[in-house]
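What follows is a short report on a single structure.
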Amino acid sequence: MHRKWACLFFSVFAIAAEGRAGEDLCFPAGAGLGEIGVVRQPEANPEGPRGLHAHGDRLYLLDALHRRIQVFGGGAISVIALERDSDEAFAVLPNGRLALLDLWVRRELTILEADGKILSRLPLSAKHIDEPGAVLAVRAVAYPGWEGIWLELATASGRRRALRMTDAEGSPVSPIGVPAGFSADGRLPVDFWLARDRLELTLYPQGRFAEGKTLAFRLPGLALIHGLWLDRNERIWLVGRFEKGRRQSERLLALSPRGETLKEVRLPSSKETIEIFAPLTVDAAGRLHWLYYDGRGRLCVRRIDVE
């Protein structure tokens, strides 16, 4: 494993989102430094980067096609070389260590140092994960007492559960499960599901699963939830895909606990159907990062400060 460094000058475009500034960082498709791999195969949708993560002033992009994670920040790029191209998702702990998830080939979670050195391999036992397709996300959780790397799983009922794999330092722990998932920023245990045009959401502010508070929102056309989280003012932020007939749109919503829509921002949709495992990440400061394909041979990340 090794790291390479080079200067990069980003193309930055100012946008307005409910009065707050955002910016798009765009990367050409390709194999070079600062480029992101896109796989095109006959009779299949193109596959793009497997996911992204924002950590401090750095943006991490998993370019599995070229067996690397590229880290953008401070006007430079660092590259963390990977041993395989089958990693589906990843997360970054506060100490800079990474967790890479290989669902289908090795069926393991690999913990890396910040420079890419392998620390440990955690097999995904069938006892805990009977179907790889049930894994929804790998999260770096910051909820007090539960810090560490968790896997978020879908259940047969459409609800969520989560499995803790490491502690806050990335050291393996005996897997323990909880009957809920986590918010997109990893700061709160939550469960949410769709029932026709209704979003139902259960919050567990004290981590007590027998005392959850369930809220319901009528959101016509909501077909897919990419993630949700709460801000300091107890507003619920949601990024989802809405459908009306054959038209689709990606939107950011702010909801009140009473079910009111406080804000709505349309996010850029990929100009071509492209497979991205996890297009959304929310950093510790509450900034949203959204990954999309602009139709001009570039993969872009839009950043919005929602606070």
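Details
- Relative exposure of F90, F192, judged by other C-beta atoms within 10 Å (fewest first): F192, F90
- Rounded to the nearest 20, the size of the Cβ-charge dipole of the chain about its Cα centre is 440 debye, with Lys and Arg at +1 and Asp and Glu at -1.
- Cα-only Debye scattering, the chain: base-10 log of I(q)/I(0) at q = 0.08, 0.09 Å⁻¹: -0.34, -0.43
- Tensor-based shape of the stretch 38-145 (alpha-carbon gyration tensor, a/c under 1.5 rounded, otherwise prolate or oblate): oblate
- Residues in the stretch 95-101 carry Karplus couplings, in order, of 7, x, 5, 10, 10, 10, 10 Hz; the curve used is 6.51 cos²θ - 1.76 cosθ + 1.60 with θ = phi - 60°, and Gly or Pro positions show x.
- Under 5 Å, built H, 5+ apart or other chain: amide partners of V38: G30
- Length-normalised contact order for the stretch 188-267 - Cα pairs under 8 Å, 6+ apart - percent: 19 percent
- Three-way shape label, the stretch 86-182, alpha-carbon gyration tensor, a/c 1.5: oblate
- Between T166 and I149, V173, the built amide H atoms are under 5 Å apart, and every one of these is 5 or more places off in sequence or on another chain.
- Protection proxy ranking, peptides 279-290, 231-242, average beta carbon neighbours within 10 Å, highest first: 279-290, 231-242
- Förster radius 41 Å - calculated FRET efficiency between W104 and D197 (Cβ-Cβ, nearest 0.05): 0.75
- Debye log10 I(q)/I(0) for the stretch 133-260, one point scatterer per Cα, at q = 0.14, 0.18 Å⁻¹: -0.62, -0.99
- q = 0.18 Å⁻¹, the stretch 188-267: log10 I(q)/I(0) [Debye, one scatterer per Cα]: -0.72
- Shown in residue order for the stretch 80-87 are the 3J(HN,Hα) couplings computed by the Karplus curve 6.51 cos²θ - 1.76 cosθ + 1.60 at θ = phi - 60°: 9, 6, 10, 8, 8, 10, 9, 6 Hz (x for Gly and Pro).
Since every read-out is calculated from the coordinates, none of them should be taken as a lab result. For clarity, every value in this text was computed on a predicted model and none was experimentally measured. Methodologically, a virtual Cβ is constructed for each residue, glycine included, from the backbone with ideal geometry; neighbour enumeration extends over all protein chains shown.
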